[in-house]
4 protein chains.
Amino acid sequence: MGITKGRLEAFSDGVIAIIITIMVLELKVPHSTELSALQPIIPVMISYVLSFMYVGIYWNNHHHMLHAARSVNGAILWANLHLLFWLSLIPFVTAWMGENHFAQLPVIMYGFVLIMNAIAYSILAYLLIKHHGENSLLADAFGNDGKGKISIGIYASAIAASFIHPWIGLGLYFVVAAIWLIPDRRIERKLTDHTNENNHA
Amino acid sequence: MGITKGRLEAFSDGVIAIIITIMVLELKVPHSTELSALQPIIPVMISYVLSFMYVGIYWNNHHHMLHAARSVNGAILWANLHLLFWLSLIPFVTAWMGENHFAQLPVIMYGFVLIMNAIAYSILAYLLIKHHGENSLLADAFGNDGKGKISIGIYASAIAASFIHPWIGLGLYFVVAAIWLIPDRRIERKLTDHTNENNHA
Amino acid sequence: MGITKGRLEAFSDGVIAIIITIMVLELKVPHSTELSALQPIIPVMISYVLSFMYVGIYWNNHHHMLHAARSVNGAILWANLHLLFWLSLIPFVTAWMGENHFAQLPVIMYGFVLIMNAIAYSILAYLLIKHHGENSLLADAFGNDGKGKISIGIYASAIAASFIHPWIGLGLYFVVAAIWLIPDRRIERKLTDHTNENNHA
Amino acid sequence: MGITKGRLEAFSDGVIAIIITIMVLELKVPHSTELSALQPIIPVMISYVLSFMYVGIYWNNHHHMLHAARSVNGAILWANLHLLFWLSLIPFVTAWMGENHFAQLPVIMYGFVLIMNAIAYSILAYLLIKHHGENSLLADAFGNDGKGKISIGIYASAIAASFIHPWIGLGLYFVVAAIWLIPDRRIERKLTDHTNENNHA
């Protein structure tokens with residue numbers, strides 16, 4: 001099953017690489033060459049930067065999690081496709097939010113897609129841990145997923161706050177991105193600890 | 001020839017990853033930010049979900065089948081490209097069906113493309129089995145391909161039923177997807193059996 | 001330098017996979033759902049099939065040629081990018097030719113791009129042979145490249161014949177594709193002979 | 001961490017392959033089939049050739065640099081994503097510059113994106129050298145990065161010169177591309193020297 005894990009990683013990388021890149025196709029080329037032509041692009045660009053960070057974060061965390069996995073099964077393959085499905089909707093809500101200058105409904109929908117991505121990621125993590133056992137390195141490293149739970153909480157708050165003003169929601173999406181930009185050291189550290197323990201034993 | 005098999009898998013994964021992702025480009029960003037703006041997107045989204053499942057299923061089964069293969073030849077390379085050709089038409093019929101809210105002709109054409117994909121997959125399977133021998137693990141695992149034959153039968157029924165009402169056809173496409181969402185355990189189980197037999201011998 | 005060859009193959013596969021797949025984006029979804037709506041798509045589809053075959057042929061031959069290579073150098077990297085450049089223009093001339101129902105100028109430009117691809121491929125082959133030596137397995141397998149020279153001759157004839165009627169040119173493009181659809185056994189056979197000789201020695 | 005480096009290379013290759021290929025989608029298919037219809041495409045094509053060379057150069061240099069690296073860390077992962085972000089803006093400025101026939105502002109913005117790419121590449125190089133140590137093979141090979149510093153200088157000059165006439169700026173972008181088209185032999189040569197030294201020792 002090692003080959004299956006490798007091909008799952010390669011396929012996921014391919015899809016994520018395409019998702020992160022096709023977003024740039026939504027940066028519509030302005031017909032004018034005046035400096036003022038760039039002004040309506042600013043919110044589109046802010047959306048793009050935010051989503052680029054999110055997709056980058058997912059690639060990074062997905063990579064670390066699969067790295068710690070030894071093998072996969074059928075349910076994990078489908079949970080992974082489920083995550084890729086919600087990731088694939090990010091370009092759509094990114095463009096909708098950016099082109100409409102952070103209007104309320106697109107900002108809320110953006111948050112909804114982020115929540116669904118977080119849930120899809122949790123399902124994938126849950127199935128991977130179940131597959132490897134509660135006492136596995138992977139389960140140990142993933143821990144109680146505090147960061148993931150906090151993220152979902154902030155997303156929900158962001159959606160609620162968007163009813164006051166969508167910019168608060170947008171700000172909170174940047175907050176979550178900032179939290180995750182610190183790479184997921186949970187698994188990395190545990191892996192290092194594990195290696196050290198083995199060396200000392 | 002092992003390298004050729006690896007590169008065939010990588011190339012197929014790349015094409016399938018692009019097919020599954022570019023479909024999202026057909027989700028046209030609405031200009032309005034009213035909730036009502038999302039209503040015409042619902043059928044497009046339903047089409048997208050259906051096709052995402054189908055392309056995911058093909059990736060999954062293609063992966064399992066190639067995994068069981070030891071090597072490939074020229075005819076298999078071309079049969080694989082033939083399958084990729086029909087897979088590449090899925091985004092086209094998906095968009096046509098979704099944007100026209102499941103009108104009769106697009107639903108029928110969607111079924112036609114699914115049938116051609118099923119036939120292309122059967123040709124690929126046939127050539128792989130012929131290449132590995134009738135008594136090979138791959139031939140044994142693929143069996144009489146009951147699931148594949150049933151699928152083609154349901155596709156044909158779906159096309160016929162679309163003349164009564166296209167929603168019946170659409171429903172039947174979801175039925176086939178559901179049948180396949182259970183991962184192809186045929187090959188997986190046989191592989192396990194084979195391993196166990198070897199261990200017992 | 002073995003890793004460089006591997007990454008060159010992976011990068012080329014990625015670009016070729018994208019080229020073969022984005023062509024489908026030119027299949028514009030018709031707004032009507034009448035059967036007559038599919039009629040203007042027929043020439044677009046014929047163009048698509050032709051180009052799908054050509055890109056598939058290039059992937060296949062590129063794969064076999066690189067497979068026979070032991071290593072690459074800087075000049076080969078650039079010759080490969082040069083080939084990818086001309087391959088990347090195939091979707092453009094494909095769409096232009098198909099949407100204009102095989103009008104004269106697009107058919108001629110299609111032939112021009114095919115000639116440039118053939119030349120770019122020859123340059124790549126020449127540099128690979130020079131790098132491996134005139135007596136190498138690769139040089140021996142590539143031979144005098146009769147098929148490649150015939151192809152360029154037919155492309156030129158097709159362009160000339162398009163001044164009489166573009167359909168003659170189009171027909172000749174299909175003839176060349178048919179010639180190449182028989183996989184490049186030159187290298188494959190030589191590799192087999194070489195293996196046999198080694199076994200007999 | 002060797003697997004992480006491999007997956008970083010594969011992901012980067014995927015993104016760069018998509019960037020270099022989606023630029024062709026900006027080559028809008030002309031509706032006319034007259035020879036005059038190709039005239040407005042000429043500047044778009046010149047832009048495309050220039051950007052194809054630049055993305056090719058970045059792929060080439062990125063490949064050589066990562067090849068010399070033994071491992072990566074979290075900061076390097078993010079510096080790499082930062083580089084990919086600026087690379088992903090190349091199709092946007094390419095289309096803007098080409099469609100507006102090298103008007104002043106798009107030419108300046110093109111130079112700005114090139115500068116940001118050069119800076120992002122320097123940050124990645126700096127972090128890789130810091131990670132491997134000042135006396136590492138990678139640090140030795142990268143040297144004082146004269147070519148990179150000269151490039152940034154020429155980009156800045158090109159932007160300034162575009163205020164006189166944008167064609168001077170455009171010409172200077174071609175000059176930098178020409179400088180880099182000679183593959184980055186710095187690392188390659190040092191690697192060879194290193195191997196020779198080891199053999200002599």
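The values are calculated or read from the model by the stated rules, or taken from the named source; none is laboratory data. Please read all numbers here as calculations on a predicted model, not as lab measurements. Note that each Cβ is placed from the backbone with ideal geometry, even for glycine, and that neighbours are counted across all protein chains shown. These accessible areas exclude ligands, DNA and RNA; they are computed on the full protein's heavy atoms, side chains included. Shrake-Rupley method; radii C 1.70, N 1.55, O 1.52, S 1.80 Å.
For the stretch C:126-184, state the semi-axes of the equivalent ellipsoid (square roots of 5 times the eigenvalues of the alpha-carbon gyration tensor), sorted largest first and rounded to whole angstrom.
On the way: eigenvalues 191, 28, 9 Å².
Equivalent-ellipsoid dimensions as semi-axes: 31, 12, 7 Å.
Could you work out [θ]222 nm for the protein assembly as shown from helices alone, using -39500 (n - 2.57) per DSSP H run of at least four and dividing by all its residues? Round to the nearest 500 deg cm²/dmol. Numbers along the way, then the final one.
Values: 36 runs with 630 residues, N = 804.
The helix-only estimate for the protein assembly as shown comes to -26500 deg cm²/dmol at 222 nm.
Which distances in nm, rounded to one decimal and ordered from shortest, link the label point of B:Ile42 to the equivalent label points in the other identical copies, with labels set 7 Å from Cα toward Cβ?
From this label point to the equivalent ones elsewhere in the assembly: 3.8, 3.8, 5.4 nm.
For the protein assembly as shown, compute Rg over Rh where Rg is the Cα radius of gyration and Rh is the Kirkwood radius from the inverse mean 1/r over Cα pairs.
On the way: Rg = 26.6 Å, Rh = 28.1 Å.
Taking Rh as the inverse mean 1/r over Cα pairs, Rg/Rh reads 0.95.
Pick from A:Lys149, A:Lys28, A:Lys130 the residue whose mean-square fluctuation is largest in a GNM of chain A, springs joining Cα atoms under 10 Å.
A:Lys28
So, counting K/R as plus one and D/E as minus one, what does the shell of residues with Cβ under 13 Å around B:Tyr155 add up to?
Cβ neighbours under 13 Å give a net charge of +2.
Could you state how much accessible area is buried at the C-D interface, both sides summed, with a 1.4 Å probe, in Å² to the nearest 100?
Interface between C and D: roughly 2900 Å².
If you line up the Cα atoms of the stretch B:17-59 on their principal axes, what length do they span on each, largest first, in Å?
37, 16, 9
At D:Leu181, label 7 Å along Cα→Cβ: distances to the other copies, nm, ascending?
The projected label point of D:Leu181 is separated from its counterparts by 3.8, 3.8, 5.4 nm.
Using packing as a proxy for protection, rank D:164-174, C:80-90 so that the peptide with the highest average count of other Cβ atoms within 10 Å comes first.
Result, highest mean Cβ count within 10 Å first: C:80-90, D:164-174.
With θ set to phi - 60° and the Karplus curve 6.51 cos²θ - 1.76 cosθ + 1.60, what are the ³J(HN,Hα) couplings of the stretch D:116-129 in order, to the nearest whole Hz, using x for Gly and Pro?
Values, residue by residue: 4, 5, 5, 5, 4, 5, 5, 4, 4, 4, 4, 5, 5, 5 Hz.
At 4 °C and a viscosity of 1.567 mPa s, what translational diffusion coefficient does Stokes-Einstein give for the stretch D:44-102, taking Rh as the Kirkwood radius over Cα pairs? Give it in µm²/s as a whole number.
On the way: Rh = 12.9 Å.
In µm²/s, the coefficient rounds to 101.
Tell me, what HN-Hα J-couplings in whole Hz come from the Karplus equation 6.51 cos²θ - 1.76 cosθ + 1.60 at θ = phi - 60° for each residue of the stretch C:79-89, using x for Gly and Pro?
The phi angles translate into 5, 5, 4, 4, 5, 4, 4, 5, 4, 5, 8 Hz.
Express in whole angstrom the spacing between the alpha-carbon centres of the stretch D:73-120 and the stretch C:90-106.
31 Å
Could you work out how far apart the two model spin labels at C:Met45 and C:Ile179 are, taking each label as a point 7 Å from the Cα in the direction of the beta carbon, and quote it in nm?
2.9 nm
Between copies, how close do the C:Lys130 label points come, placed 7 Å along Cα→Cβ, listed in nm from shortest?
Copy-to-copy label distances for C:Lys130: 4.3, 4.3, 6.0 nm.
Highest GNM mean-square fluctuation, chain D, Cα pairs closer than 10 Å: which of D:Ile41, D:Ile20, D:Ile152?
Taking springs between Cα atoms under 10 Å, the residue moving most is D:Ile41.
Once the Cβ-Cβ distance between D:Gln104 and D:Ser36 is put in as r, and R0 is 22 Å, what FRET efficiency do you end up with, to the nearest 0.05? Display every interim value, and only then the final one.
Details: r = 26 Å, r/R0 = 1.18.
The calculated FRET efficiency here is 0.25.
Output the residues of the stretch D:37-54 meeting this criterion: accessible area (heavy atoms, 1.4 Å probe) in the chain alone minus accessible area with all protein chains in place is 40 Å² or greater.
Relative to the lone chain, where solvent access is computed with a 1.4 Å probe, the stretch D:37-54 loses at least 40 Å² at D:Leu38, D:Phe52.
Report in % the part of the accessible area of the protein assembly as shown that belongs to carbon and sulfur, leaving out ligands and nucleic acids; probe 1.4 Å. Each step should come with its number before you reach the end.
Working: 20480 of 31250 Å².
Accessible surface attributable to carbon and sulfur in the protein assembly as shown totals 66 percent.
So for the stretch D:7-120, what are the equivalent ellipsoid semi-axes in whole Å, largest first, each being the square root of 5 times an eigenvalue of the Cα gyration tensor?
Working: eigenvalues 196, 43, 20 Å².
Taking √(5λ) for each Cα gyration eigenvalue gives 31, 15, 10 Å.
Once the Cα atoms of chain D are picked out, what are the Rg and Dmax in Å?
When restricted to Cα atoms, chain D yields Rg and Dmax of 18.7, 68 Å.
Mind checking which of D:Gly74, D:Gly143, D:Gly56 has the largest fluctuation in a GNM of chain D, springs on alpha carbons under 10 Å?
D:Gly74
Compute the accessible area per residue over the stretch A:1-92, keeping the other protein chains in place, probe 1.4 Å, unit Å².
Here the per-residue accessible area is 29 Å².
Using each residue's phi in the stretch C:105-110, evaluate 6.51 cos²θ - 1.76 cosθ + 1.60 at θ = phi - 60° and report the 3J(HN,Hα) Karplus result to the nearest Hz, with x for Gly and Pro.
After applying 6.51 cos²θ - 1.76 cosθ + 1.60, I find 4, x, 5, 5, 5, 4 Hz.
With heavy atoms of protein chains only and a 1.4 Å probe, what residues of the stretch B:66-81 have at least 30 Å² less accessible area in the full set of chains than alone?
The answer is B:His67, B:Gly74, B:Leu77, B:Trp78, B:Leu81.
What is the calculated FRET efficiency for B:Lys149 to A:Asn135, with r their C-beta to C-beta distance and R₀ = 51 Å, to the nearest 0.05?
On the way: r = 45 Å, r/R0 = 0.88.
So the FRET efficiency works out to roughly 0.70.
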